[in-house]
Amino acid sequence: MRVGLITTVCVLLLCGSCCKHECPGRPDSASPITMVAGYTDTPVKVDGKLDDPAWEKAVVYKMNLPADHAAKGRKLQAGGEVRLAWDDRYFYVAVVFQDYDIVAEGDADQLHHYRLGDLCELFLKPNDQTWYWELYVTPRGKKSSFWFPGRGRGLPSCFKYKCGLKVAARCDGTLNDWRDKDKGWTGEMAMPISNLTARGEKFGPDADWRILVARYNYDRYSAYGGPELSATSPLSIASYHLLEEYAILKLQK
């Protein structure tokens, strides 16, 4: 991260997971991708197993390195898959992440877990509003829910947001043991639609939303310094607050 007044101001404004990201601008980028969430008649059981009917028919989305990291010759060392679904009560996300060194040192909810280990982050934004959500699940099954009135208003009150987010995770390996080699972890998130529509937002096939699913991967075996960052959208730079580059969320029913 660059040192200087401009960088410091950017970090203070964005807070959240910006503490590890570059300061965002409005890049010249290609049109955003579209991610489809199919409607499920059977509610997802949030247990981290990913054996629900909704996931069997869901579109699979792969994780991507930010373009600025790929331009440095980096290759994605630990891949991942993301699936989306929804019903009348919840918006669901399921992730399957390769991970050779599963670590999650945060032992409570509502922490800044990107500083404490591996993490899945879900960002949701109504396209016609400035505000957006930043939601976490860790391999330890811990969660955080942040809500920003706008990208330039990342104040302490944003990190005290309360909602009905449900999460679960399962590890294929040993958590917080650097001495062995793990295989990966799975996670599920269920965000109540009532929380997403509390300010009059619409959520359904005709609604206009943006989405990003992103990841922090801390790994003993990494060939590069710092955690590996990847996301469902092919971001131009390593910033998870590039709202303009979030995918278009298509809710099918």
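The values are calculated or read from the model by the stated rules, or taken from the named source; none is laboratory data. It should be emphasised that the depicted structure is a prediction, and the values quoted were computed from it without experimental measurement. Positions of Cβ are generated from backbone atoms using ideal geometry, with glycine treated the same way; all protein chains shown enter the neighbour counts. These area figures cover heavy atoms from the full protein model, side chains too; ligands, DNA and RNA do not enter into them. Shrake-Rupley method; radii C 1.70, N 1.55, O 1.52, S 1.80 Å.
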Of the candidates Ser194, Ser236, the one satisfying the condition of being touching a residue at least 24 places away in the same chain (Cβ under 8 Å), out of contact with any strand residue (DSSP E or B) (no Cβ under 8 Å at 6 or more places or on another chain), within 23 Å of Gly164 (Cβ to Cβ) and open to solvent by 30 Å² or more (accessible area, probe 1.4 Å) is Ser194
Looking only at the range 239-253, and only at residues there that are touching a Gly at 6+ places or on another chain (Cβ under 8 Å) and open to solvent by 20 Å² or more (accessible area, probe 1.4 Å), the one that is modelled with the lowest pLDDT:
Lys253
Which one of the conditions (1) open to solvent by 40 Å² or more (accessible area, probe 1.4 Å); (2) in a loop (DSSP other than H, G, I, E, B) does Arg83 fail to meet, given that it meets all the rest?
(2)
Is there a residue being in a loop (DSSP other than H, G, I, E, B), among the charged types (D, E, K, R) and open to solvent by 30 Å² or more (accessible area, probe 1.4 Å) anywhere in the range 162-173?
yes
Let me confirm something: among Asp208, Asp219, Asp182, which residue is in contact with a strand residue (DSSP E or B) (Cβ under 9 Å, 6 or more places away or on another chain) and either of a type in the set (Ser, Thr, Tyr) or open to solvent by 60 Å² or more (accessible area, probe 1.4 Å) (or both)?
Asp208
Determine the pairs where a residue that is without any contact (Cβ under 8 Å) to a residue 40 or more places away in the chain, located within the range 93-119, has a partner that is open to solvent by 10 Å² or more (accessible area, probe 1.4 Å) and assigned to a strand (DSSP E or B) with Cβ atoms under 7 Å apart, the partner being 6 or more residues away or on another chain.
Asp109/Lys143
Filtered residues of the range 36-67 (kept if over 13 Å from Ala94 (Cβ atoms) and open to solvent by 40 Å² or more (accessible area, probe 1.4 Å)):
Tyr39, Asp41, Thr42, Pro43, Lys62, Asn64, Ala67
